[in-house]
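*Asks:* Please find one structure pasted underneath; my questions will follow.
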Amino acid sequence: MAADYDVPKITGEDGIVDIPSLQPDAMKGHGPWVSKPEFQEDMHFPTDFTMPESIENYGDAGTLVENWKERALDKMGDLKGRYRSLQVFLDICVKCGACTDKCHYYIGSSDPKNMPVARQDLLRKVYRRYFTFAGKFFGKIGMPGFVGAAELTEDVVKDWYNYYHQCSQCRRCSVFCPYGIDTAEISMAAREILDHIGMGQKYCTEIMGKLNKIGNNLGLPEAALADTLEGLEEDIFDETGVDVKLPLDKKGSDILLITPSADFFAEPHVDGLMGYAKVLHELGLDWTLSSYASEGANFGMFIGSYENMRKVSLRIRKAAQDLGVKRIVFGECGHAWRVAYSFLNTLAGPFDFLDQNYPVPQHILEITEPALAAGKLNIDKSQNDDKVLTFHDSCNIARGSRMGDKPGGQFVLPRNVIKAVCNNYVDMPADTIHDATYCCGGGGGILTDDLMEIRVKGAQPRMEALKHVTDKHQVTHMAAICAICKSQFTKVVPYYGFTMDMIVSVHQLVSNAIVLKGQLTEEEIEARDAAEEAERIAAKEAREKAAAEKAAKESKDT
Amino acid sequence: MVVGVIYAVLFWTATLVLVLGVANKIRIYAKTPAPLKIPTTPAPVTQSGVFLRMFQEVFFFKSLFRADKLLWVLGMLFHYTMLIIVLRHFRYVQEPVWGVIQFVQPFGIYAGFLFIIGLLGLMARRIFIDRIRYITAPSDIAMLLLLILIGVSGLMMQFVSPTDILMVKAFFRGLITFDWQPLPSDVVLLVHLGLVAALMLIFPISKLLHAPGIFFSPTRNQIDNPREKRHIAPWAAELEKQGKTYLDELD
Ligand code: HEM
Ligand code: SF4
Ligand code: SF4
Ligand code: SF4
C-alpha cells in the first residue's frame, strides 16, 4: 500500500520498539477537521464562532468565539473545580520523565509534544500562568517560562487542537507515572475547553449528533438495522442449518445486548456479532437488541463531556426500562466497555430495576467464558486449526475496566476463551500486553481519515510486537475485543506489510468453533446446498420452459 | 542578635507558609469531587487493597520501578537519604531526643553524601537525556540546585567549618516558645538555613506538592467497584435531581 508519509520501520527482532530521539515539530499541523456550529449546537456547545475558511486558519483568533481567551480560562477554572484528577494532576507532576517513552504516538512520530508529560504541559503551562502564585508572579516580571508557565495565545490553542488530537486516551502513561497522572484526563479536559471556544472536532461531534438523533453512530435507522439482522440470521442458517435469531426490540426479553454499531456491518466485527448470537442461542438465553440504544460506543468520553456522555448513556437505561429486560450485556468494544463498566452505574444508574444476581452491566465474555469452562458449549477446536492466534489487549479494557470478579480478569477471560476454541495461541512480548499494552493507534476519537498519518505512526509499537510473533512464532491472526481496534488495525496493518484479514474478533473464533445443537455437518450442508441448487435449477428450467412455450404461443397467436 | 531575629522571622514565616499553604492545597484536593471512577486497572477491589497499593507507591515507588530503573534507584536514594537527614535534624529541636532520632544519627553522614550523589544523578538526567532535557524548566534545575546546596552546606558544617550546635539548638527551641535566641553568625550555617527556609516557602507553590498530592490521585486511590457501588459527585447528582441534561440549565 502506498503511503504519502514515512511509515516507521519494524524489524520483529525482539518485538520491542527502540525509543527514538526527539524531532521537534515532526507532527506539527492543523489537526483534524473542525466541527461546524450546527454540530456544536446539538452538543450544547457555544456556536458564536466563525468556521475557518481553510485549514490554514484553524485556531486563528478571528475564527474563535468572542472573548475566547477569557472563556477558555473560565472553562479551565470550572473543570478543575469539578474534576479532582485535573486539579491534582496539573499540580503534582515533578517532570521526572518516567512517562516520556511510554506513548505510542511519541515512539511512532518522535515529536516531543507527543511525550505524555509534554502533552500535559501544553495545558499545564497555561494553568500555571493564570492559576498559580508562581506562574502569576513570574508572569508579571516577564519570565513565566522560568516556572514552566506560558501566556495563552493563538499558537497555544493551535498546539492544543493538534496535539490533544494525537492522544488516544489510552492511559498507558498513567500506568508508569509514579503518581498515576493520566494524560487522558488532561486531553479530555483540553477537548472540552476547545469545544467551548469554537474548536470542536468534527468527527466526534458529528457522530454524536447521529447517535442522539437515530440511536447509533452510523445513523443506521431501525428498518435498515432490522434488515441487516435478518440478513445475518440467513447467513447463520445457510452456514449451519440452525435458526439462530438476532432479535430487535423484543419486549420482555431477559437480556438487552448493547454492542458497537460497527458490529452490524464492518469486518471482522460482524463475525463477532454472529458469535454472540450463537452463544446466547446455544445457552438458551432470551435476548434482544434495541433500535433506540443501538450503540455501545460513547464518544462523550473522548471529548471529556460528562453531560453528553450521560445523555448518551441514558438511552441505554431507557431502552432497558422500555423493553423490560432483567440484564444488560455489552458486546466487544474497548471504550464502550470502559464507559459501561466504570461509568454506567454513575451516569445512568441506579439499576435497581434489573436482576441483582448479575453484575450490571455484564460483558459478553463474562457469559461465554464460564459457559465454556463449564462445558456448556459444544466446541470443535479444529475449526480454527488454520490459525495461530495472538491477542491484542485493548487499552480501555486493560487499564480502565475489569471482567469477572478478580482484578486482572480482563486479561484472563479473553485468553481463556481463545484457548478454549483454538489450539494455537501465543502471547506477544510481556511489555506489550496486559496493562502495558500498546494502543492500536486509533482510539479516543482519532479513528478518522483526517488523522491517518498519526494513526499509522501510532500503531508502530503494536506492529513491532506483532511482527515478532508472526516472524518467530508463526502467528497468523490477531484477535481483538474492541470495535475501534478492529477498524484501526484492518486499515493500518497493510502499511506494515500484513493483510487486513489477519484481524479477527474473539467471538468470531467462538463462532467458527461452536457446534450448535442440530447443526448440520459440512457434508449435510453441501448436500442441502446441492439439493437447493438442483431445485433452483429445476425451477428455473421449468420457468424458462413455460416462458418459451408462452412466447411460442403468443407468436403463434399474432 | 539581629541575625537571630531575621532568621526567626524567616523561619516562622516559612513554617506558616508551608503549613497553611499545604493545608490549603489539601483542602482543595479533598473538596474537589472525582465524578467518575478512574482507577488505573487492574486495581484493588477493597479498601485495604487500595491501602496496600498506596503504601507500595509511597514507600517503594512501585510504578516508577516498572517505568525506569535508573530513575527509581536515584529517586529512592534521594528520598530515603532525605528522610534520614530530616529525621536526624529533629535533634536540633527535640529535648529529650527520641530513640529513633538517636538511632539514625550515625547514618546521617553517609546519608548526606548519598543524598548529594542521588541529586547529581537526577541533575545529570536532566542535562544528558534529550527527552528529560526537553521537559525540564529552569525551575526544575533550580530546585535540584537548591537541594544540592542544602546538602553541600550541611556537609561543610560537618567537615569544614563546624558551627556551635548548642547555640543552634537553643535558637530553634526558642522559636517554638517564641523566645528570641541568637544564632551563630557563620556564613555556611546562614546559607544552609536560608536555603532550607526557601525550600519550605516554595513547597506549597511548586511541584513539591507531589508529596501530599499522591494521596489524592484518583487513578491510584480509588477502589475498583463501580458496578457494585454507585459513585456520584454532588454536581452530577444535581443534574439527576433536577432532571436536567446540561449544567448551565440547573436552577
Ligand atoms: C509522600 C512522600 C513523597 C513521595 C511518595 C515522593 C515521590 C517522588 C517520586 C516518585 C519522584 C520522581 C522520581 C524522582 O525524581 O525521585 C519524586 C521527585 C522529587 N521529589 Fe519527591 N516524594 C515525596 C516527598 C518529597 C518531599 C517531601 C520533597 C521535598 C524536598 C521531595 C522532593 C522531590 C524532588 C525535588 C523531586 C524531583 C527530582 C528531579 O528533579 O528529578 N519529595 N518524588
Ligand atoms: S511520569 Fe508522571 S510525574 Fe513523571 S513526568 Fe510523567 S506525568 Fe510527570
Ligand atoms: S493517554 Fe495514551 S495516547 Fe495519551 S499521552 Fe498517554 S500514552 Fe499517549
Ligand atoms: S481503540 Fe483499542 S487499542 Fe486503541 S485506545 Fe481504544 S481500546 Fe485502546
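*Asks:* So for chain B, averaging the separation of alpha carbon pairs under 8 Å that are six or more residues apart and normalising by length, what relative contact order in percent results?
*Replies:* Averaging sequence separation for qualifying contacts and normalising by length gives 37 percent for chain B.
*Asks:* Given R₀ = 35 Å, what would the calculated FRET efficiency be for residue A:140 paired with residue B:28, taking r from the Cβ atoms and rounding to 0.05? Walk me through the intermediate numbers first.
*Replies:* Details: r = 23 Å, r/R0 = 0.65.
So the FRET efficiency works out to roughly 0.95.
*Asks:* Then there's this: Which of the aspartates and glutamates could a cross-linker bridge to residue A:213, judged by Cα under 17 Å and excluding same-chain residues fewer than eight apart?
*Replies:* A:38, A:41, A:42, A:222, A:295, A:307
*Asks:* Tell me, which cysteines of the protein assembly as shown are without a disulfide-compatible partner by the Cβ under 4.7 Å rule?
*Replies:* A:93, A:96, A:103, A:167, A:177, A:204, A:333, A:422
*Asks:* I would also like to ask the following. Residue by residue through B:205-214, how many Cβ atoms from other chains fall within 10 Å of the Cβ on average?
*Replies:* Values: counts 9, 7, 9, 3, 5, 9, 2, 3, 10, 6.
Whole-number average of other-chain Cβ neighbours for B:205-214 is 6.
*Asks:* Evaluate the distance, in nm, between pseudo-label points positioned 7 Å from the Cα of residue B:12 and of residue B:245 along their respective Cα→Cβ axes.
*Replies:* For the pair residue B:12/residue B:245, the computed spacing is 6.0 nm.
*Asks:* Taking the Cβ of each residue in B:241, A:406, B:37, B:25 as the centre, tally the other Cβ atoms inside 10 Å and list the residues starting with the fewest.
*Replies:* Arranged by neighbour count, lowest to highest, B:241, A:406, B:37, B:25 become B:241, A:406, B:25, B:37.
*Asks:* Can you figure out the FRET efficiency of residue A:227 with residue A:471, using R₀ = 51 Å and their beta-carbon distance, to the nearest 0.05?
*Replies:* It comes to 0.75.
*Asks:* Applying a 10 Å radius around every beta-carbon, put A:350-359, A:160-169, B:85-94 in order of their mean neighbour count, most first.
*Replies:* Packing proxy ranking, top to bottom: A:160-169, B:85-94, A:350-359.
*Asks:* In terms of modelled amide H atoms, which long-range or inter-chain residues lie less than 5 Å from the amide H of residue A:248?
*Replies:* A:289
*Asks:* If amide hydrogens are placed 1.01 Å from N in the peptide plane, which non-local residues have theirs closer than 5 Å to the one on residue A:391?
*Replies:* The list, which skips near neighbours in sequence, is A:428, A:479.
*Asks:* Report the full-extension gain for the segment residue A:385 to residue A:554: residue separation times 0.36 nm, less the Cα-Cα distance, to one decimal in nm.
*Replies:* Difference between extended and current length: 54.9 nm.
*Asks:* Kindly provide the helix-only [θ] at 222 nm of chain A, computed as the sum of -39,500 (n - 2.57) over DSSP H runs of four or more divided by all residues, to the nearest 500 deg cm²/dmol? Write out the running numbers ahead of the final one.
*Replies:* On the way: 23 runs with 265 residues, N = 558.
Rounded to the nearest 500, it is -14500 deg cm²/dmol.
*Asks:* Relative contact order for chain A using alpha-carbon pairs under 8 Å, separation at least 6, rounded to a whole percent?
*Replies:* Here the relative contact order equals 18 percent.
*Asks:* List every residue whose amide H lies under 5 Å from the amide H of residue A:363, counting only residues 5 or more places away in sequence or on a different chain, with H placed 1.01 Å from N in the peptide plane.
*Replies:* Those lying under 5 Å, H to H, from residue A:363 are A:330.
*Asks:* Mind ranking A:102-113, A:20-31 by how tightly packed they are, going by the mean number of other C-beta atoms within 10 angstrom, highest first?
*Replies:* Ranking the peptides A:102-113, A:20-31 by packing returns A:102-113, A:20-31.
*Asks:* Quick check on chain A: take the gyration tensor over C-alpha atoms, sort the square-rooted eigenvalues as a ≥ b ≥ c, and tell me if it's rounded (a/c under 1.5), prolate or oblate.
*Replies:* Prolate shape, in that a/c is at least 1.5 and a/b is the bigger ratio.
*Asks:* Within the stretch B:181-251, which GluC sites (Glu not before Pro) sit in a loop by DSSP and count at most 14 neighbouring Cβ atoms inside 10 Å?
*Replies:* B:228
*Asks:* Can I ask one more? Hey, fewest Cβ within 10 Å first, where do B:134, B:80, B:7, B:110 land in order?
*Replies:* Fewest-to-most ranking of B:134, B:80, B:7, B:110: B:110, B:80, B:134, B:7.
*Asks:* Take the residue pairs B:37/B:241; A:387/A:491; A:251/A:486; A:202/A:278; A:9/A:491; A:278/A:387 and return only those whose Cα atoms are more than 27 Å apart.
*Replies:* Too far apart for the 27 Å limit: A:251/A:486; A:202/A:278.
Each value in this text was obtained by applying a stated rule to the coordinates, not by laboratory testing. For clarity, every value in this text was computed on a predicted model and none was experimentally measured. With ideal geometry, Cβ positions are generated from the backbone for all residues, glycine too; neighbour counts draw on all protein chains shown.
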